[in-house]
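Trainee: Quick one: structure below, then a few questions.
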Amino acid sequence: MAIRLVLIGPPGVGKGTQSKLLSELTGARPLSSGLIFRAEIEADTELGQLAKDYIDHGHLVPNGVTIQMMFKRLRQEETRQKGFILDGFPRTVRQAEALDEELDKEQVTLDGVISLQAPLDVIVHRLTGRLGCTKCGEIYHSVNHPPHREGLCDKCDGFLVVRGDDTPEAIRERLVVFEEATAPVLDYYAATGRLMAIDAGRESDEVGAELKQRLNLTCA
Ligand code: AMP
């Protein structure tokens, strides 16, 4: 049966890593708004050009374009059949409300909303050494999880880069934006009893194991 999950948490908490793992476990489609924006920027599309400035400064891309971009993927047959793991969306209460309206129309519900939490110093440490594969999205860390060959992905040989918004200024801004715009989304879901809090300050495989157990997942 298709599973539908939302992952919420500050930048660097491990949403991308856990989304990948959950997708492998369940067969659900991983939908990362940040990754989609970065692909649009890379392809120099109109949407990418619009989003770039917001992203580089650590600000949120306006709700209207973000919602439209995500709904396009949610409405695809592949998503309907496989379900989804949303990572980075919704990030505002308006986006969360729009998502609820959309799921109502589709007559489906979320199976879980997961709040990934970690202490600020862990988050800042993770973000400052983060490296991402330009080809498959695998995430590394210069100290905690270095690649076997410098600058190259262990899994697909893609080039590893530091994200443009992983600068100290943009990191600070993204953390502020999380507290101001996204923390209220946690209250929104908690109010309807849909929130599951997970300690994501641990090693990613420990976090994954707890998610697997609490969501009652076996395999795809
Ligand atoms: P992420 O990869 O999730 O950290 O997202 C990178 C950046 O993309 C964010 O800092 C925002 O600028 C933008 N972004 C991603 N998701 C959203 C969203 N749901 N709403 C608005 N902006 C977003």
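Trainee: When ligands, DNA and RNA are left out and all protein chains stay put, how many square angstrom of accessible area per residue does the chain have with a 1.4 Å probe?
Mentor: 52
Trainee: Taking all protein chains as present, what is the carbon and sulfur share of the accessible area of the chain, in % to the nearest whole number, probe 1.4 Å?
Mentor: 52
Trainee: Right, something else. Antiparallel DSSP bridges in the chain: what percent, to the nearest 5?
Mentor: 30
Trainee: OK, next. Suppose accessible area is computed on protein heavy atoms with a 1.4 Å probe; arrange Val124, Val162 from highest to lowest.
Mentor: From most accessible down to least: Val162, Val124.
Trainee: Right, another one. What does the charge count around Thr167 come to, taking other residues whose C-beta lies under 12 Å from its C-beta (Lys +1, Arg +1, Asp -1, Glu -1)?
Mentor: Neighbour charge sum, excluding Thr167 itself: -1.
Trainee: Quick one: what Rg and Dmax do you get for region 53-101 from the alpha carbons, in Å?
Mentor: 11.8, 36
Trainee: Could you pull the accessible area for Arg130 with a 1.4 Å probe, rounded to 10 Å²?
Mentor: Rounded to the nearest 10, that gives 40 Å².
Trainee: Return the loop-located GluC sites (Glu not before Pro) in region 135-182 (DSSP other than H, G, I, E, B) with at most 11 other Cβ atoms within 10 Å of their own Cβ; answer none if there are none.
Mentor: Sites meeting the loop and neighbour criteria: Glu150.
Trainee: Here is a follow-up. With an 8 Å Cα cut-off and a minimum separation of 6 or more residues, compute the relative contact order for the chain in percent.
Mentor: Over the chain, the number comes to 31 percent.
The values are calculated or read from the model by the stated rules, or taken from the named source; none is laboratory data. Just so you know, these numbers come straight off a predicted model, no measurement behind them. Positions of Cβ are backbone-derived with ideal geometry, glycine not excepted, and every protein chain shown enters the neighbour counts. All accessible areas refer to the heavy atoms of the entire protein, side chains included, with ligands and DNA or RNA removed. Shrake-Rupley method; radii C 1.70, N 1.55, O 1.52, S 1.80 Å.
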